[in-house]
Amino acid sequence: MSFTITGTGSYLPGKVVTNDDLTAFLDTSDEWISTRTGIRARHVAAQETVTDMAVAAARAALEDSGSTPEQVDLILCATLAGEYITPSLGCMVQKELGAHCPAYDLNAACSGFLYALDAAAGYFARGRVKKVLVICAEAMTRLMDWTDRSTCVLFGDGAAAAVLEPGEDLLSIHLSAAGNNDALCIPHVNGNCPYSGYDRGPASLMMNGQEVYKFAVSAMSKGVEKVAEEAGISLEDIALVVPHQANMRILEAARKKLGMPAEKIASNIDQCGNTSAASLPILLDQLSRQGRLKKGDLLALTAFGGGLTTGACILRWAKEKSKKTAPRGNFSCEQKKGGIIMSTFESIVKVISDYREMDPEEITLSTTFEDLALDSLDMTEILMGLEDEFGITIEPDEKLENVEQLVTFIDDQLEKNA
Ligand code: ACO
């Protein structure tokens, strides 16, 4: 016994901040943010508390499933930070809804929805519950250093919820954690203990963007492959991938690795940015309300986040189209290409020209990366492509300026490994 989703809901704050708005106080541009991330705007909880957003999303999901708060047997909230360390966000939502069931929070950062679904599946398997309310709510904009342009432009606020009832629609699920506070962390607040000589540093998000980027591309694609295999289905059987929304370029790189067509990858990152745990279920709710999900569709949900955590599952969509439209949000999908293997030089040319969508004839041994106008994420992805192609590791600080140096470097590595 697992579960079926009978209702979804979401809430996005009314205040919308565009990339251009950010240029009023940050040295940034719409061009940089949108080309590096796909983000054009984000919702900011200027008035709402995390509890307000969570409750609004929960009410929408309950209404969508035709349920009342009294019927709920468990409230599970995934969040990085509710209003309080205690009471939990789950308890605050329970109070506001007037529900009478256990409630608690879990923190798996952006993978929170998948972790919550897996925890809920355990309650259904033990026959402990008939109705579970899963809520993901985040006020990421309150966890940022707004003088740090490399992080604050990426995030937004919002909440989403799902009502789960007994069923057999979770076909497979896989979670992972690889403890790491160097790639991404948000320290807790410091108290004022007179005996403490320990300073946690500022309570705002710190991130090594490129380390997270590499982790994310591989985690998202491998996650989908793994759960598809465990569910006994092929990638072609998947109607839609509903991924965590961190960066459009991560989604596109993962899509290429999976070899899936653009129309099978859902995204609303242009309007929402990264809302951590809430991002995937917000998108799921929007897709449902826009009629993009058909009864019987096999969906692949995939996420990664701070921790570092990952989660992926295959979910059969079993509900009819929601009656009301989504509160806000737009969808965008990307384009597609392919790849094959040859000599070192030819393989490098293939990886670069496929990635750049350019004529391979234009790439010679003397072509420099400057000639190709590659930004740091382009380089990261091309190096990842070459790592996959040749089964080697290329450190990001390796000084490589042109294709000839790349050929020599890769040949040396292959010889060492032989
Ligand atoms: N506007 C303009 N320029 C900027 C900005 C900005 N907002 N931010 C950084 N830059 C500059 C940098 O200063 C740097 O300039 P320099 O070359 O003159 O030194 C240049 O742009 C490149 O900076 P990088 O940090 O190397 O940028 P990168 O190419 O790595 O892209 C990004 C950054 C978009 C954050 C990318 O690394 C990424 O998406 N990483 C994954 C992040 C992610 O998914 N996080 C999810 C975590 S969510 C969670 O768990 C809570």
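Here are some notes:
- Separation of the Ala177 and Lys95 label points, Cα + 7 Å toward Cβ, nm: 2.7 nm
- Using just its DSSP H runs of length 4 or more, each adding -39500 (n - 2.57), the chain gives a mean residue ellipticity at 222 nm of -10500 deg cm²/dmol after division by all residues.
- The distance from the alpha carbon centre of segment 180-218 to that of segment 296-323 is 28 Å, rounded to a whole number.
- Selected from Gly90, Leu374, Gly311, residue furthest toward positive end of dipole (the chain; charges at beta carbon): Gly90
- Value of D in µm² per second that Stokes-Einstein yields for the chain, Kirkwood Rh from Cα pairs, at 25 °C (0.890 mPa s): 110 µm²/s
- The antiparallel fraction among DSSP beta bridges confined to the chain stands at about 75%.
- For q = 0.18 Å⁻¹, Debye-computed log10 I/I(0) when each Cα of segment 341-417 counts as one equal scatterer: -0.66
- By average C-beta atoms within 10 angstrom, highest first, the peptides 362-375, 151-164, 8-21: 151-164, 8-21, 362-375
- Using C-alpha pairs under 8 Å with a sequence gap of at least 6, the mean separation divided by the residue count of the chain gives a relative contact order of 19 percent.
- Placing unit charges on the Cβ atoms of the charged side chains and taking the dipole of segment 341-417 about its Cα centre, the candidate lying farthest along the positive direction among Thr364, Val349, Leu414 is Leu414.
- Lys, Arg +1 and Asp, Glu -1 on Cβ, resulting dipole of segment 1-95 about Cα centre, debye, nearest 20: 120 debye
- Modelled label reach - Asp297, point 7 Å along Cα→Cβ, segment 238-261 residues with backbone N closer than 11 Å: 239-242
- Length-normalised contact order of segment 341-417 in % [C-alpha pairs under 8 Å, at least 6 apart]: 39 percent
- Cα centroids of segment 359-378 and segment 40-99: 49 Å apart.
- For the options Ala177, Ala108, Ala54, a Gaussian network treatment of the chain with springs between C-alpha atoms closer than 10 Å singles out Ala177 as fluctuating the most.
- Using the average count of surrounding beta-carbon atoms within 10 Å as a protection proxy, the listed peptides 189-195, 410-416 rank, highest first, as 410-416, 189-195.
- Length-normalised contact order for segment 26-99 - Cα pairs under 8 Å, 6+ apart - percent: 32 percent
- Each of His188, His244, His43 was scored by other Cβ atoms within 10 Å of its Cβ. Arranged with the fewest first, they read His188, His43, His244.
- Selection among Ser34, Thr49, Leu240 by position relative to the dipole of the chain gives Thr49 as farthest towards the positive end (Cβ unit charges, Cα centre).
- About the Cα centre, charge dipole magnitude for the chain (Lys/Arg +1, Asp/Glu -1 at Cβ), debye: 2260 debye
No lab work stands behind these numbers, since they all come straight from the coordinates. Because the structure is a prediction, the values reported are computed rather than measured. Cβ: placed from backbone, ideal geometry, glycine included. Neighbour counts: every protein chain shown.
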